[in-house]
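S.K.: There's a structure below that I have some questions on.
The values are calculated or read from the model by the stated rules, or taken from the named source; none is laboratory data. Values in this document were obtained by computation on a predicted structure and should not be read as measured data. Reconstructed Cβ throughout: ideal geometry from the backbone, glycine too, with neighbour counts over all protein chains shown. Calculation scope for accessible area: heavy atoms of the full protein, side chains included, ligands and nucleic acids excluded. Shrake-Rupley method; radii C 1.70, N 1.55, O 1.52, S 1.80 Å.
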Amino acid sequence: MRLFELWFGFSRPVGRRAYALSGFGLMAFKYAVEACAVWRHSGLFYSPRDFVNPLSGPKLEFSRRSQEAHVSAGWRAAGAIAVSLPFLWIALSMSIRRAVDAGRSPAWGVLILIPFANFGVMLYLSVLRGDPNAS
């Protein structure tokens, strides 16, 4: 229950250790799930570079022989988005609460949404000490 509250809660402060373990651990888990899904559906390798760069990735080509292939591709895209939403919530919620716990503006946590900058923000928030005066 504590982990659920940490990941999906609104007010529990987030310390450095919990933030780093959850953030980087969930990132590795999400990559593994996505890499397996890409391999399963296309036989293509989904590298860590593809994962961190939203503009790259294996070029998935679907057969034009049938409309079913296009419908299937749409469902896979919708599924990928649906699976990503909890990770997005956890990243945003924990980053904002971590920034506040460290005495920084909640805006620091919102920066987690910017591709490429998000890794630097995660590292920065992971090393900041908690502010005993933070609310």
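S.K.: If we keep just the residues of region 125-135 that are more than 11 Å from Y19 (Cα to Cα) and touching a helix residue (DSSP H, G or I) at 6+ places or on another chain (Cβ under 9 Å), which is most open to solvent (accessible area, probe 1.4 Å)?
M.R.: Selected residue: R129.
S.K.: If you scan region 97-116, which residues turn out to be within 14 Å of the chain's Cα centre (by Cα) and either open to solvent by less than 40 Å² (accessible area, probe 1.4 Å) or among the β-branched types (V, I, T) (or both)?
M.R.: Of everything in region 97-116, those that are within 14 Å of the chain's Cα centre (by Cα) and either open to solvent by less than 40 Å² (accessible area, probe 1.4 Å) or among the β-branched types (V, I, T) (or both) turn out to be G109, V110, I112, I114.
S.K.: Here are the criteria: (1) charged (D, E, K, R); (2) under 21 Å from A32 (Cα atoms); (3) outside any helix (DSSP H, G or I). Tell me which single one R129 does not satisfy.
M.R.: Every condition holds for R129 apart from (2).
S.K.: Can you tell me which residues in region 1-53 are part of a loop (DSSP other than H, G, I, E, B), of a type outside the set (S, T, Y) and surrounded by 13 or more Cβ atoms within 10 Å (Cβ to Cβ)?
M.R.: Within region 1-53, G9, R12, P13, V14, G15, L44 qualify.
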